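What follows is a single structure, written as structure tokens, with notes after it.
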């Protein structure tokens, strides 16, 4: 079976022409796919014979809502999607004054091993397909009734560990006959895969790169983020400087505030020195507690922010959304896995 929802319009056109269909059919089918149809029978401007043939040769496997939790505090909605093979991934709809943002997953599980993240506890199962990533955006929009204007690749998985799929997803979600969400409305978060950051820079995409830094020194970062043991903070920061020089896009640095681990004054001072010389934004994140982790939220977020600002670093504190619905990465999937065992 051919996964036509993971195809570009050009690929879909070539595939259909290979079966003797006119080129214009591809655009019709492409537009139907991005309206959220769940079967080929819904594509009513196609002939019955073509719809039947598509059903026999092409894959259309929308996810099912396994769980849906809506915050009474701020309207955030957490989805647990069950995929065609039975695996589950998460998406989160967040409502802001500037529009609605969906945070999506790119893998089932994660192999990066970050100590503060529930997504990585059971390891990586597999990569998602472009269609499975698209469907998280599309069906969140359909189910919630909230038009999506912004996308964050910061759910389960490491986007740059699924590089080719993520690049194809970005092409598809940006297409004017698809969801038509511009690159400047998309953020991609990485734990710091330096070779892939260099590779991404060559595409010159106008998205926002968010680097999950979480510590400015190797000892601390290697303890909470195993990826740092093979990279090191200095090399990561050099790579980020090259990314800015190549793309002209300011990088956002994610910094989860962990009590007694990465929230001291000397670490704020070192972080400011690391960022000197290139435009940057630090997003301080009050830690969401994970049941299996001993790490606790910092009590020094405001002091840390003030210290950074004293060095001329732009630093904001992320608004905490969905605290009553397991809204942080991997928590809902982890809970469902426990219940099934």
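The values are calculated or read from the model by the stated rules, or taken from the named source; none is laboratory data. Keep in mind the model is a prediction, meaning the values are calculated, not measured. All Cβ positions, even for glycine, are placed from backbone atoms using ideal geometry, and neighbour counts span all protein chains on display.
Residues of the range 128-156 that are farther than 24 Å from residue 1 by Cβ and in contact with a helix residue (DSSP H, G or I) (Cβ under 7 Å, 6 or more places away or on another chain): 147, 148, 149, 150, 151, 153, 156. Where helices (runs of 4 or more DSSP H) sit wholly within the range 257-341, those with at least 1 residues that are at pLDDT below 90 occupy 331-340.
None of 149, 91 is surrounded by fewer than 17 Cβ atoms within 10 Å (Cβ to Cβ), touching a strand residue (DSSP E or B) at 6+ places or on another chain (Cβ under 7 Å) and either closer than 17 Å to residue 188 by Cβ or modelled with pLDDT of 95 or more (or both) except 149.
Name the residue, out of 162, 174, that is under 30 Å from residue 258 (Cβ atoms) and either touching a helix residue (DSSP H, G or I) at 6+ places or on another chain (Cβ under 9 Å) or modelled with pLDDT of 95 or more (or both). Steps first, answer last, please.
Working: 174 fails: under 30 Å from residue 258 (Cβ atoms).
Being under 30 Å from residue 258 (Cβ atoms) and either touching a helix residue (DSSP H, G or I) at 6+ places or on another chain (Cβ under 9 Å) or modelled with pLDDT of 95 or more (or both) holds for just one of 162, 174, which is 162.
Within the range 130-160, the residues that satisfy the criterion of being under 12 Å from the mean Cα position of the chain (by Cα) and either without any contact (Cβ under 8 Å) to a residue 40 or more places away in the chain or not in a loop (DSSP other than H, G, I, E, B) (or both) are 133, 134, 136, 137, 150, 151, 152, 153, 159, 160. Residues that are under 27 Å from the mean Cα position of the chain (by Cα) and part of a helix (DSSP H, G or I) within the range 25-81 comprise 29, 30, 31, 32, 33, listed in sequence order. Only a single criterion out of (1) surrounded by fewer than 24 Cβ atoms within 10 Å (Cβ to Cβ); (2) within 26 Å of residue 74 (Cβ to Cβ) is not satisfied by residue 161, namely (2).
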